1. List the number of the failed condition for Ser147; all other conditions in (1) in contact with a Lys or Arg (Cβ under 7 Å, 6 or more places away or on another chain); (2) open to solvent by 70 Å² or more (accessible area, probe 1.4 Å); (3) not aliphatic (A, V, I, L, M) hold.
2. At least 2 residues that are within 19 Å of Gly84 (Cα to Cα) and under 19 Å from the mean Cα position of the chain (by Cα) in each: list the helices (runs of 4 or more DSSP H) lying fully within the stretch 95-156 that qualify.
3. What number of residues in the stretch 133-156 are within 12 Å of Gly111 (Cα to Cα) and either in contact with a Phe, Trp or Tyr (Cβ under 8 Å, 6 or more places away or on another chain) or touching a residue at least 12 places away in the same chain (Cβ under 8 Å) (or both)?
4. From the list Leu112, Leu130, exactly one residue is without any contact (Cβ under 8 Å) to a residue 40 or more places away in the chain and within 30 Å of Arg25 (Cβ to Cβ). Which is it?
5. Please verify whether Arg88 is under 30 Å from Arg25 (Cβ atoms), over 12 Å from the mean Cα position of the chain (by Cα) and surrounded by 13 or more Cβ atoms within 10 Å (Cβ to Cβ), treating the condition exactly as stated.
6. For Thr134, state whether it is in contact with a Gly (Cβ under 7 Å, 6 or more places away or on another chain) and of a type outside the set (D, E, K, R).
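The values are calculated or read from the model by the stated rules, or taken from the named source; none is laboratory data. Source: prediction; values computed, not measured. Methodologically, a virtual Cβ is constructed for each residue, glycine included, from the backbone with ideal geometry; neighbour enumeration extends over all protein chains shown. Quick note on the areas: whole protein, heavy atoms, side chains included, nothing else; ligands and nucleic acids left out. Shrake-Rupley method; radii C 1.70, N 1.55, O 1.52, S 1.80 Å.
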Amino acid sequence: MTAIERIGKVLMVIYPIKDPIPLKRAGCIFEVYAISCHPGCGLEQKVRSNKSYGQGDDWKVIEASVGYGKLDRMVVDVFAKWLGQEVRRRIVDYKGDDYLKSIEMSISLAGLYRLQGEYDLAKPLFTSSLEKRTEILGLDHPKTLESMHDLATLYK
């Protein structure tokens, strides 16, 4: 049993309400993802107006060790790797005959690669998606033009 399964719930304090700190922290976003992987576990959100949020010892330990910027980057990197693996798995496992859906999934993966700076991995996916959309939808279809734009962004 994992710690999340033992706890069964994660509490996210939404503060300040207009620009919540937890939604800017990769660690918090990762906790939301981790909860989603465990059926029966839940996420509870609370709005807090007390300005003392974030001044606890845990913040001091993180800042003194790796720092929040590096911690956020580490979690984002893990999350991006997982996301890429999940998209690849879904593309490979996709058994339907909806070619447009498979093209959309390939474009999502290519977009992730582009954001990660993995242009050599993104280019063949964008190229293939453009070729397939051109064949299925025609050269002037908005989705085909969108694929042209996606491929062009690699050459900026």
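1. (2)
2. Values: elements: 99-115, 119-137, 142-153.
Per the criteria, 99-115, 119-137.
3. Count: 5.
4. Numbers: Leu130 fails: within 30 Å of Arg25 (Cβ to Cβ).
On inspection, the qualifying residue turns out to be Leu112.
5. Judged against the criteria, Arg88 is a match.
6. On the way: in contact with a Gly (Cβ under 7 Å, 6 or more places away or on another chain): no; of a type outside the set (D, E, K, R): yes.
No: the conditions fail for Thr134.
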